[in-house]
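Notes for the one structure printed next.
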Amino acid sequence: MKPSPALTVIVPVYNEAESLPEFLPRLLDFCARHNWELVFVNDGSRDDSKRILESHANPPAVRVLLHKVNRGYGGALKTGLLDASTPYAVTIDGDGQHDPEDILRVFQFALENDADLVIGRRDHSHKPNWYRELGKSIIRRFTRLLMPLPIQDLNSGFKLYRAELAQAYLPVCPDSMAFSDVIALTFLNQKDLVLEHPIHVHARKKGKSSISAYTAIETVMEILNLVMLFNPLKIFLSLSAVCFAFGILWGTPILLLDRGVSVGAMLAIVSGLIFFVIGLVASQLSSMRLGELSARRQKIRAEKK
């Protein structure tokens, strides 16, 4: 009798009919040899991806989940993660850029270190697009201004999760490409053990990436939303301090010259007070949301036992 699978490999697929035939057989064979479950999420593909995936389906070991319409990268990963019943789950891209051998190495690393999330740090052995690397650099720098960021490859699509934690955090994650960044930051803010492990990435041979400049803008907005959830005072206290300082620096010389109180300075000071009060209210709402997240985490953990 085979032991129960310990890992679910989740692959989101959107219009990858050109890439699937090349890497699919190898991935299927690798997962079968290690007794891992394999879940493909066809995210409303408009090409032949659905037919290719369904021709390889072999439940329960190999499952194909279907979205009638495209829900986005994050939406596909949510569907796959919610379907996982194993202790661990790993997500890899459906374009064939990730090496199945790395899954085993990262899984062993996670078990050895009792990690809650291991992010595959890409080596970029192939020549990356300069504009994509610039966008990633801007996102990393922006994120470090708002919260601690002890990892390098925040938006890697190769991530191995403790499944119960990932499932608990899904409600705060977006359906867009920003999912990769947001769920990693959620693990970090919840004080889970997040580590990185180097992986190899192959250049895309076929098909076309759906990542665009808008993806970077969308990711920055989602990170701001996440900061508002976990630490709103970080934003509002900063705005409050800036307004107070500006008002005092502007109004003091005018007051010392006995020219009365500057309307502009008073407006800045009042704005600082407003930002301070909004920050306090947002902090209370944040505590309530985090309490709900913690309760969901405990509930899922209890159901797994």
Practice task
Evaluate the following for Ile269: is it touching a residue at least 12 places away in the same chain (Cβ under 8 Å), among the hydrophobic types (A, V, I, L, M, F, W, C) and in contact with a Cys (Cβ under 8 Å, 6 or more places away or on another chain)?
Solution key: yes
Practice task
Within the stretch 235-266, count every residue that is surrounded by fewer than 16 Cβ atoms within 10 Å (Cβ to Cβ) and either not aliphatic (A, V, I, L, M) or not in a helix (DSSP H, G or I) (or both).
Solution key: 9
Completion exercise
Out of (1) buried (at least 21 other Cβ atoms within 10 Å of the Cβ); (2) closer than 30 Å to Arg297 by Cβ, the one Leu53 does not meet is (2)
Completion exercise
Of the candidates Ser49, Ser55, the one satisfying the condition of being small (Gly, Ala, Ser) and within 27 Å of the chain's Cα centre (by Cα) is Ser49
Practice task
Search the stretch 78-99 for residues that are within 25 Å of Pro21 (Cβ to Cβ) and in contact (Cβ under 8 Å) with a residue 24 or more places away in the chain and pair each with any residue that is in a loop (DSSP other than H, G, I, E, B) and of a type in the set (Asp, Glu) when their beta-carbon atoms are under 7 Å apart and the residues are at least 6 apart or on different chains.
Solution key: Gly94/Glu16; Asp95/Glu16
Exercise for the section: Please find, within the stretch 152-199, the residue that is farthest from Gly94 (Cα to Cα) out of those that are within 11 Å of the chain's Cα centre (by Cα) and among the polar types (S, T, N, Q). Expected result: Thr186
Completion exercise
In the stretch 18-35, anything touching a residue at least 40 places away in the same chain (Cβ under 8 Å) and not basic (Lys, Arg) is listed as Glu18, Ser19, Leu20, Glu22, Phe23, Leu27, Phe30, Cys31, His34
Practice task
Examine the stretch 79-94 for a residue that is in the same structural domain as Ser45 (by TED's automatic domain parsing), modelled with pLDDT under 95 and either in a strand (DSSP E or B) or over 22 Å from Asp192 (Cα atoms) (or both), and state whether such a residue exists.
Solution key: yes
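The values are calculated or read from the model by the stated rules, or taken from the named source; none is laboratory data. What you see is a predicted model, and the numbers here were worked out from it, not measured in a lab. All Cβ positions, glycine included, derive from the backbone under ideal geometry; neighbour counts span all protein chains shown.
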